[in-house]
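Below: one structure, written as structure tokens.
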Amino acid sequence: MTTNHVQSTATGIDLDAAFQASNIQPVLAELERELVGLEPVKTRIREIASLLLIARLREQSGMATERPSLHMSFTGRPGTGKTTVAIRMAKILHHLGYVRKGHLVVATRDDLVGQYVGHTAPKTKEVLKRAMGGVLFIDEAYYLYRPENERDYGQEAIEMLLQVMENQRDDLVVILAGYKERMDVFFQSNPGFRSRIAHHIEFPDYTLDELLTIADLMVQQQMYRFDGDARAAFAEYLELRMRQPYFSNARSVRNALDRIKLRQASRLLRQGGTIAPDELSRIDAADVRQSRVFQGGIDK
Amino acid sequence: MRITQGTFSYLPDFDDDEVRAQVQYCLDNDWPVSIEYTDDPHPRNVYWDMWGLPMFDIKDAAAIMMELGKCREVFANHYIRINGYDRRYGRQTTALSFIVNRPKDEPGFRVERQEFGDRQVKYTIHSYATDRPSGQRYE
């Protein structure tokens with residue numbers, strides 16, 4: 001645990017110094033910079049950060065503080081950044097001294113639930129042990145509970161999770177993630193989970209502008225660039241694609257970019273001859289417009 | 001007779017915080033930790049029983065302490081030790097090993113002398129505890 005003791009004098013406690021000492025500012029700034037949109041999520045993260053900081057100050061001033069419970073649920077449609085935020089969350093909690101190590105262990109039903117009697121408990125325990133000192137992220141948590149099969153071993157994993165979430169709050173933070181509707185059903189049938197999770201955070205869908213900003217960021221990170229026409233074409237593409245089924249926000253953007261890079265590469269090779277080095281990074285409008293989406297098809 | 005062996009044999013027994021600190025040291029060095037128990041205290045008994053498997057991919061000592069707690073519940077009156085394995089050498093190398101639990105009463109050992117040809121004597125030690133069958137030795 002990081003113990004940055006903050007001077008408390010007779011005059012008072014220096015909140016600014018405490019904030020500086022917690023090293024939380026760079027992480028929050030990074031979150032702000034690299035995650036587009038997601039305002040409700042960022043607000044909630046800042047709130048949690050403040051809560052933890054104050055809790056620590058209270059502790060140092062000798063006030064009784066119960067360790068706040070930090071188990072969370074992230075709900076939202078695919079590609080809204082749940083996993084990315086979970087990784088950041090682990091870092092933030094580590095900086096605030098809430099978890100000792102700050103690593104993230106991602107688990108799905110397969111990692112927790114066994115195939116036969118007596119297989120589930122050791123599997124779940126194994127994952128829990130690996131996650132201790134950090135954050136356990138359970139993706140699509142509702143698959144743990146299968147009411148249609150009464151002999152399903154998911155219930156066993158759930159009971160074990162609940163027990164550790166309650167008794168070893170100091171040792172790990174559990175984040176459940178999944179689609180909103182299905183998570184709601186899951187919580188209804190497992191009230192134990194609902195009451196043990198203090199923070200329910202909803203991830204909104206991205207707007208068109210936000211998706212474009214995300215695309216710009218990705219293109220830039222991969223050292224490509226849109227030329228003027230291409231960017232307009234991509235905006236058009238997104239607008240069409242958003243209305244189609246199976247649209248999964250940032251993930252769809254990434255997939256679309258991957259296909260665009262594919263088309264750019266084959267265009268360059270077809271064209272042959274000598275090109276300027278700059279051409280290697282330039283994405284042409286034609287690369288975008290070849291997509292099936294413009295003919296009313298679906299890019300999956 | 002208090003039996004000592006392993007890395008910290010010359011020190012008094014560790015309390016839980018000290019055990020936790022040692023375990024965390026192992027994990028920070030990327031040494032997988034395992035827990036073993038026995039009720040045969042003979043110093044040449046190297047094969048203790050494993051409590052579960054060696055624990056890989058663990059970052060924080062809390063996980064090991066949880067297992068140790070469970071092992072102590074079941075084998076409160078046994079010897080329990082913690083081992084850290086350094087796997088860098090490509091073979092099982094014990095880097096650190098120390099006793100974290102011991103029976104309330106440790107009856108100790110007696111010396112046995114075996115006389116054979118030409119008045120020669122062989123000496124050996126015999127643990128009083130092992131006079132009783134395994135599982136009933138420290139009841």
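Structural remarks
- Counted charge near B:Gly52, where neighbours are those whose Cβ lies closer than 15 Å (Asp, Glu -1; Lys, Arg +1): +1
- Loop-located trypsin sites (Lys or Arg not before Pro) across the range B:1-48 with a Cβ neighbour count of 12 or fewer within 10 Å are B:Arg2, B:Arg44, with loop assigned by DSSP.
- Cα gyration tensor, the protein assembly as shown - rounded (a/c under 1.5), prolate or oblate: prolate
- For chain A, a Gaussian network of Cα nodes joined below 10 Å ranks A:Gln244, A:Gln271, A:Gln221 by mean-square fluctuation, and the top entry is A:Gln271.
- Helix content alone sets the calculated 222 nm mean residue ellipticity of the protein assembly as shown: runs of n ≥ 4 DSSP H residues at -39500 (n - 2.57) each, divided across all residues, give -13000 deg cm²/dmol.
- Each label point was placed 7 Å from the Cα along the Cα-to-Cβ direction; for A:Ser189 and B:Phe116 their separation is 7.1 nm.
- Gaussian network model of chain A, springs between alpha carbon atoms under 10 Å - residue of A:Thr124, A:Thr80, A:Thr43 with greatest fluctuation: A:Thr43
- Prolate/oblate/rounded call for chain B, Cα gyration tensor, a/c under 1.5 rounded: prolate
- Derived scalar couplings ³J(HN,Hα) [the range B:8-18; Karplus, 6.51 cos²θ - 1.76 cosθ + 1.60; whole Hz; x for Gly, Pro]: 10, 4, 8, 9, x, 4, 7, 8, 4, 5, 5
- Angle between chain B longest axis and helix B:61-74 axis [Cα atoms, degrees, rounded to 10]: 40 degrees
- Take each residue in B:48-54, count the other chain C-beta atoms within 10 Å of its C-beta, and the mean is 1.
- Of all DSSP beta bridges in the protein assembly as shown, antiparallel share, percent nearest 5: 55 percent
- Pairwise label distance in nanometres, A:Lys42 with A:Glu236, each label 7 Å out on the Cα-Cβ vector: 3.1 nm
- Note on the range A:1-136: Lys pairs 8 or more places apart or on different chains, Cα atoms under 22 Å apart, count 9.
- Local electrostatic count, A:Met89, Cβ distance below 13 Å [Lys/Arg +1, Asp/Glu -1]: +4
- 10 Å Cβ shell holding at most 12 others, DSSP loop, GluC sites (Glu not before Pro): longest site-free stretch of chain A: A:151-300
- Folded to 0 to 90 degrees: helix A:208-221 orientation relative to chain A principal axis, Cα: 80 degrees
- On Cα atoms only, tilt of A:39-60 relative to the major axis of chain A in degrees: 30 degrees
- Other residues whose C-beta falls under 12 angstrom from the C-beta of B:Ser127 contribute a net charge of -1, scoring Lys and Arg +1 and Asp and Glu -1.
- Loop trypsin sites (Lys or Arg not before Pro), the range A:84-155 (other Cβ atoms within 10 Å of the site Cβ: 10 or fewer; DSSP): A:Arg151
- Working from label points 7 Å from Cα in the Cα-to-Cβ sense, the A:His119 to A:Arg243 distance is 4.8 nm.
- Here the protein assembly as shown is treated with +1 on each Lys and Arg Cβ and -1 on each Asp and Glu Cβ, and its dipole about the Cα centre works out to around 800 debye.
Computed from the coordinates by the stated procedures, all read-outs in this text should not be read as laboratory data. Please read these numbers as outputs of a predicted model, since none were measured by experiment. All Cβ positions, even for glycine, are placed from backbone atoms using ideal geometry, and neighbour counts span all protein chains on display.
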